[in-house]
Structure formats: C-alpha cells, structure tokens
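Visitor: One structure follows; several queries about it will come next.
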Amino acid sequence: MEFIDTHTHLDGQEFDADRDAVVCRAREAGVSRVFVPAIDLKSVASVLDVCDRYPGYAWPMIGLHPEEVRGDWREVLMEMRRMVSPRFIAVGEVGLDYYWSREFEREQLEAFEEQVRWSIELDLPLMIHCRKAQNEMVSILRRYERELRGGVFHCFTGNEREAAELLRFDGFVLGIGGVLTFKKSHLPEVLATIPRDRVVLETDSPYMAPVPMRGQRNESAYVRHVLDRMALCYGVSPEEMAEVTNRNVDRVFGRTFERIGEKVS
C-alpha cells in the first residue's frame, strides 16, 4: 500500500540532523512521494536541494507564504518568477493569513492574487494556505474561477459550510492532516459531509503531528495515522482510502507530472 504526503517542509532545519532517516521511515511506512513547498526566496534553494537529494521522491513547489509577505513583496516575487522552471509541480505555499496580524493585509492580498495569476499562466495547481481569511481568499479566487487550474486547500480545519464553499471551485481538494486525529477535533464529523474524491493526505511536517505522535516533531511517515483515521471516517479500508487519495492527487497534479514525463503514483 502506497500513499502520498502532499505537503511537507522536508527542507526545514528541523530535519537537518536526520533527514535521510526521516525519508527512510517515510518510505517504509508506504509514502511513495512527498511534495515540498517553498515559503520565501531563501527556501526555494533549500527545497530544490532536498528534491535533488531525493530525486523522483521529493517534488518542489514555488511560492511566497503569506506570513513571509512584507513591503518588498513585489521584488521578492519578481526574483521568484525568474527562478520558475518546469521542475516545479505547483505554485505554493501561497495564500492569506490574518491569524496573528493584519499589518500586511493589503500586501498579502496583492501577493496572493499575483501568484494566482502565475498558476494560470504556468498551468500549475495552487497549494493554498488560509487562516482567518477565507472570505478574502474566496473573493480573489472567484475573479479567476473559469481559468483556475485547481489545487489544494492546505491544512483544512474548517466547518461544513466552509468546506462546501471551497469545494465549489472545481479541480480543488482539501488537504487533511494531523488535526483529523485530535481528540477534540470536529473534522471527523465534517469529513462525513465531504465527498471522498475531494480530499488528499498531508502532514505539514515538522508541524501538527497526529495522535499518537502529538507534541513530537511531525514527519511524513506519520501520515499513515491520518490515512487510518480518514479510512475510519469513510468506512473503508486503509488500502481503499490510499487508492482514493492517490487518484485525487493524480487529478490535481497529474497533468503537471505528465509534462515532465512522470506519473503521480
């Protein structure tokens, strides 16, 4: 049984001491591929380094994370745009985040919209991060609804209404991670209202470790715990759930992989 971690920060310094072992454990757990997002200009290089280290296993994305948006966002995106190559499988991690501060609210909106336009221009899916900003995010996406390539609403933890609003965008799926396993999480109930062909697995490692690893550094091998809980929610076997989520990844990313002569799974 194989499955895909669609979102891991494998390039993070948290893995510097034992990255090879982390990848080995992920492979042994059944993780067939991992997708690695950039978050700022510096991380583009570290993401590519990691993907070079694990060719055919780790796949890069390029984008400016909303929490990294500052007054110089235009210059940063201009430099990032020059770094784009056929290697990148998505524009991400991009989006809006007003959880801590709205200091750069306008800049975040403009940077996100610019990167949405990138995804259309480059024919790449989006990897979208959104916290406390769904109304603003949806408003921007609706302007481009007919042109959007699709993508992942990363780290979905919302309610039934919010899920339904996001899934009105064709070609998009919800990224489900460790929160699904938390004792007080409402996600199992929400998941019951979401078609199983609209979800993918992720860890967001090293963050958000699932139960029974909660409180530890997260890693891609732990996505198996998310898979097992998701299978339970849908009343299917882990094997069937893995097949379903792999097909969902293929629908979102398959065309991109075909262009580079690869298959998703």
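The values are calculated or read from the model by the stated rules, or taken from the named source; none is laboratory data. Every value quoted in this text rests on a predicted model; they were computed, and no experiment measured them. Glycine gets a Cβ as well: all are built from the backbone with ideal geometry, and neighbour counts include every protein chain shown. For accessibility, only protein heavy atoms count, side chains too; no ligands or nucleic acids. Shrake-Rupley method; radii C 1.70, N 1.55, O 1.52, S 1.80 Å.
Visitor: Treating the Cα atoms of the range 103-158 as identical point scatterers in vacuum, please give the log10 of the normalised Debye intensity I(q)/I(0) at q = 0.20, 0.25 Å⁻¹, two decimals.
Guide: -0.73, -1.12
Visitor: To the nearest 20 Debye, how big is the dipole of the range 224-265 about its Cα centre, given +1 on the beta carbon of each Lys and Arg and -1 on that of each Asp and Glu?
Guide: It works out to roughly 200 debye.
Visitor: Moving to a separate point now. Which values of log₁₀ I(q)/I(0), to two decimal places, follow from the Debye formula for the range 149-265 at q = 0.09, 0.18, 0.19 Å⁻¹ with a uniform point scatterer at every Cα?
Guide: Per q value, in the given order, log10 I(q)/I(0) is -0.23, -0.92, -1.01.
Visitor: From zero outward in steps of 5 Å, how is the percent of C-alpha pairs of the range 1-42 spread across the bins?
Guide: 6, 22, 27, 25, 14, 5, 1, 0
Visitor: Here is a further query. Any chance you could get the radius of gyration and Dmax over the Cα atoms of the range 82-133, in Å?
Guide: 11.9, 35
Visitor: Rolling a 1.4 angstrom probe over the protein heavy atoms, how many square angstrom per residue are accessible across the range 14-155?
Guide: For the range 14-155, the per-residue accessible area is 44 Å².
Visitor: Which is farthest toward the positive dipole end of the range 1-149 among ALA38, SER85, LEU48, measuring Cα position about the Cα centre, with Cβ charges +1 (Lys, Arg) and -1 (Asp, Glu)?
Guide: The residue sitting most towards the positive pole is SER85.
Visitor: Name the most mobile residue of VAL50, VAL69, VAL236, meaning the one with the largest mean-square fluctuation, in a Gaussian network model of the chain with Cα contacts below 10 Å.
Guide: Of the options given, VAL236 has the highest mean-square fluctuation.
Visitor: Rounded to the nearest 20 Debye, what is the dipole magnitude of the chain about its Cα centre when Lys and Arg each give +1 and Asp and Glu each give -1 at the C-beta?
Guide: Working: 35 positive and 45 negative charges, 89 e Å.
Charge dipole, the chain, about its Cα centre: 420 debye, nearest 20.
Visitor: Shifting gears a bit: Suppose we take every Cα in the range 1-81 and form the convex hull; what volume per residue is that in Å³?
Guide: Per residue, the Cα convex hull of the range 1-81 comes to 90 Å³.
Visitor: Here is a further query. With a cut-off of at most 16 other beta carbons within 10 Å, and DSSP calling the residue loop, which trypsin sites (Lys or Arg not before Pro) in the range 145-184 qualify? Please list them.
Guide: ARG146, ARG168, LYS183, LYS184
Visitor: Just to be sure I understand the model, the point goes 7 Å from the Cα along the line to the Cβ. What's the resulting ARG117 to GLN134 distance in nm?
Guide: 2.8 nm
Visitor: Considering only protein heavy atoms and a probe of 1.4 Å, how much of the accessible area of the chain is carbon and sulfur, as a whole percent?
Guide: Heavy-atom surface of the chain belonging to carbon and sulfur, 1.4 Å probe: 48 percent.
Visitor: Determine one quarter of the surface area of the Cα convex hull of the range 190-253, which equals its mean projected area, and express it in nm² to one decimal.
Guide: Projected area, direction-averaged: 4.5 nm².
Visitor: Now, a different point. Loop-only check: which chymotrypsin sites (Phe, Trp or Tyr not before Pro) in the range 87-128 are DSSP coil with at most 15 other Cβ within 10 angstrom?
Guide: Those satisfying the criteria are TYR99, TRP100.
Visitor: Could you run the Debye sum over the Cα atoms of the range 14-143, one equal point scatterer each and no solvent, and tell me log10 of I(q)/I(0) at q = 0.12, 0.13, 0.18 Å⁻¹, two decimals?
Guide: -0.49, -0.56, -0.97
Visitor: Once Lys and Arg get +1 and Asp and Glu get -1 on their Cβ, which of TYR207, VAL236, ILE194 lies farthest toward the positive end of the dipole of the range 177-265?
Guide: TYR207
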